[in-house]
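Below is one structure, written out as structure tokens; comments come after it.
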Amino acid sequence: MRRLADTEALAKVLAGGGVALLPTDTLPGLHARADCAAAVARIRQLKGQQAERSLLVLCATIEQALSLAGPLAPRAVAWARRCWPGPFTLVLPRGPGVAIAPAVSPDSATLACRVPALAPLRELVAAAGGPLVSTSANRAGQPPAPDLESAARFFGALVDAVAAGPWPGPPAAGRASALIDVTGWPPLSLREGPLPPPGWDD
């Protein structure tokens, strides 16, 4: 198991098309550059996941996430800015010409994005040179690993790098992020997360 504590070293693995096991502000997960088709396919193989399941994309900034989206109503943009950074994955209309591997989202009309609350993770996404695909560390149909060490025991020998440990920041109690569709208005909750979303009628 290759343990890396240095952000630049982890970013180099990801930028080179590798797969890394990282902590997040929700659940630990398998990560790769979202524009690297081979790495995305490898993550699906590791999970035994069917191609029709979409993967979420982690972005370094709110602006980067919104740049992946197609046209959004001003109130939807304002609400997304209230959600991020935080444990909220927003389903956005997918923008034209977005450099994301097709296997990330079989539904070419939408893309699920999140700007994580952990500053070190946002820094890593930026250093890797592009958004990262992110998915929980588990085989399809099995419960997700609740912490990094549990995930490393299962996937550590199968990935190119494992972060050396949890990063300082606001974790969200080992629960998956909320999943909320903002392609229409009002937003539609698809999965509850560790925190309630901000109100959209405030």
Of the residues 61, 89, which single one is more than 20 Å from residue 176 (Cβ to Cβ) and touching a Lys or Arg at 6+ places or on another chain (Cβ under 9 Å)? 61
For residue 173, are the conditions met, namely being at pLDDT 90 or above, within 17 Å of the chain's Cα centre (by Cα), of a type in the set (Gly, Ala, Ser) and over 26 Å from residue 13 (Cβ atoms)? no
Can you tell me which residue among 145, 127, 151 is crowded, with 20+ Cβ neighbours inside 10 Å, under 14 Å from residue 22 (Cβ atoms) and touching a helix residue (DSSP H, G or I) at 6+ places or on another chain (Cβ under 7 Å)? 145
Please pick out the residue among 5, 101 that is at pLDDT below 95 and surrounded by fewer than 18 Cβ atoms within 10 Å (Cβ to Cβ). 5
Give all pairs with beta carbons closer than 8 Å in which a residue from region 89-102 that is assigned to a helix (DSSP H, G or I) meets a residue that is among the small types (Gly, Ala, Ser); count only pairs at least 6 apart in sequence or on separate chains. 102/37; 102/108
Among the residues listed as 160, 201, 107, the single one being touching a helix residue (DSSP H, G or I) at 6+ places or on another chain (Cβ under 8 Å), among the acidic types (Asp, Glu) and over 14 Å from residue 24 (Cα atoms): 160
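The values are calculated or read from the model by the stated rules, or taken from the named source; none is laboratory data. This one's a predicted model, so the numbers in the text were calculated from it and none came from an experiment. Methodologically, a virtual Cβ is constructed for each residue, glycine included, from the backbone with ideal geometry; neighbour enumeration extends over all protein chains shown.
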